[in-house]
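Accompanying notes for the structure given below.
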């Protein structure tokens, strides 16, 4: 047994440490079972086996950064074509060569070339994909590894295609639902800026000639406008700094965990995100089990597909409970993230031995619910937007017209 140092990526973020194993592949198996996608494995003494590949030159890295990102559609097409070629009996190296030559995206072409190079050097296909972590996530690598062990790689790539198709559909639905609220909020922010910078200062000179006590709403508007005009640059800098600070914090493991937990508690979006995450979990769990993945490894792989660090951490805790001998239902209930419907389906599936089929039904159920929620999202957000717009108009009306009304009333009284 040798001791190997490793670096990898889990649902909670980058990880590193040391493990003992017969070789680097054995250590990789242990890491994948724990929900960690290995990026680099090397023996502590003597020979070194690098899983991530040699560092690329600076110019090549700069060129890779300037390339457009590989979209989900490109990855879906790759999975579908590779499934077809392998089902037809084409050797994997020849299939990858053909897909590399026919790829239209330069990033995809370069990635497949690296995969082929690693495969030709004796590295397993799953580990070759793991080296290209910018394109193939932990779930993808884990599923390919299962296909290697079971000899059903063609089926695995077909299921990966279905999984990616579902993911792309969900993202498109979310973008479509958020388009209208985003436009309205942007218009409100722009209107507030124009009013503070251009409209209110024009009225300020008129109000100054009144030589009278101004109402409170008017004082608030004038003070807000003066602050915006005098310190607008400071507000802009503070806003930019706050955005970059928040974005940096959100990318840290602790920040991502806290933010993802907060998102689940948001009034309107929280329930939609939770249902979407449960649908993604159920779909991935069902697909992994149907491919012959052991439950512990399936949970480890699925935790990396859930794009929510809080739920991913709970799923990983569920895996640890199952490894200790707890039932799947009790482990799922202890996480506190699954709805009663999901827990009941897991319980029935555990009793009947059909968890994969029932999880697929759960995925379909919540997928349909998410679609409905997204279609009605505009209707749910409209009352909130109308309240904000009404409050804005009310404040402006009171602030601008109250002094004029008082002046008109005073003028009519003097005339009488």
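Exactly one residue out of 231, 207, 227, 183 is in contact with a helix residue (DSSP H, G or I) (Cβ under 6 Å, 6 or more places away or on another chain) and within 30 Å of residue 400 (Cβ to Cβ), and it is 207.
Determine if the range 50-69 includes at least one residue that is closer than 22 Å to residue 147 by Cα, in contact with a helix residue (DSSP H, G or I) (Cβ under 9 Å, 6 or more places away or on another chain) and modelled with pLDDT of 70 or more. Steps first, answer last, please.
Of all residues in the range 50-69, those closer than 22 Å to residue 147 by Cα come to 51-52.
Restricting the remaining residues to those that are in contact with a helix residue (DSSP H, G or I) (Cβ under 9 Å, 6 or more places away or on another chain) gives 51-52.
Okay, now just the ones that are also modelled with pLDDT of 70 or more, so none.
Within the range 50-69, not a single residue is closer than 22 Å to residue 147 by Cα, in contact with a helix residue (DSSP H, G or I) (Cβ under 9 Å, 6 or more places away or on another chain) and modelled with pLDDT of 70 or more.
One line per residue, one yes/no per condition, for (1) crowded, with 21+ Cβ neighbours inside 10 Å; (2) assigned by TED's automatic domain parsing to the domain that holds residue 38; (3) at pLDDT 90 or above; (4) more than 30 Å from residue 296 (Cβ to Cβ):
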site: 81; (1), (2), (3), (4): no, yes, yes, yes
site: 84; (1), (2), (3), (4): no, yes, yes, yes
site: 125; (1), (2), (3), (4): no, yes, no, no
site: 141; (1), (2), (3), (4): yes, no, no, no
site: 147; (1), (2), (3), (4): yes, no, no, no
site: 154; (1), (2), (3), (4): no, no, no, no
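Report, by residue number, each residue of the range 305-328 that is part of a helix (DSSP H, G or I) and within 22 Å of residue 264 (Cα to Cα).
The first filter runs over the range 305-328 and keeps only residues part of a helix (DSSP H, G or I), leaving 309-323, 328.
Result: 309, 310, 311, 312, 313, 314, 315, 316, 317, 318, 319.
The set of residues in the range 281-303 that are surrounded by fewer than 24 Cβ atoms within 10 Å (Cβ to Cβ) and part of a loop (DSSP other than H, G, I, E, B) comprises 291, 292, 294. Residues in the range 333-355 that are part of a helix (DSSP H, G or I) and in contact (Cβ under 8 Å) with a residue 40 or more places away in the chain were compared, and the one that is surrounded by the fewest Cβ atoms within 10 Å (Cβ to Cβ) is 342.
The values are calculated or read from the model by the stated rules, or taken from the named source; none is laboratory data. These figures come from a predicted structure and were not determined experimentally. As a convention, Cβ positions derive from the backbone with ideal geometry for all residues, glycine included, and neighbour counts pool all protein chains shown.
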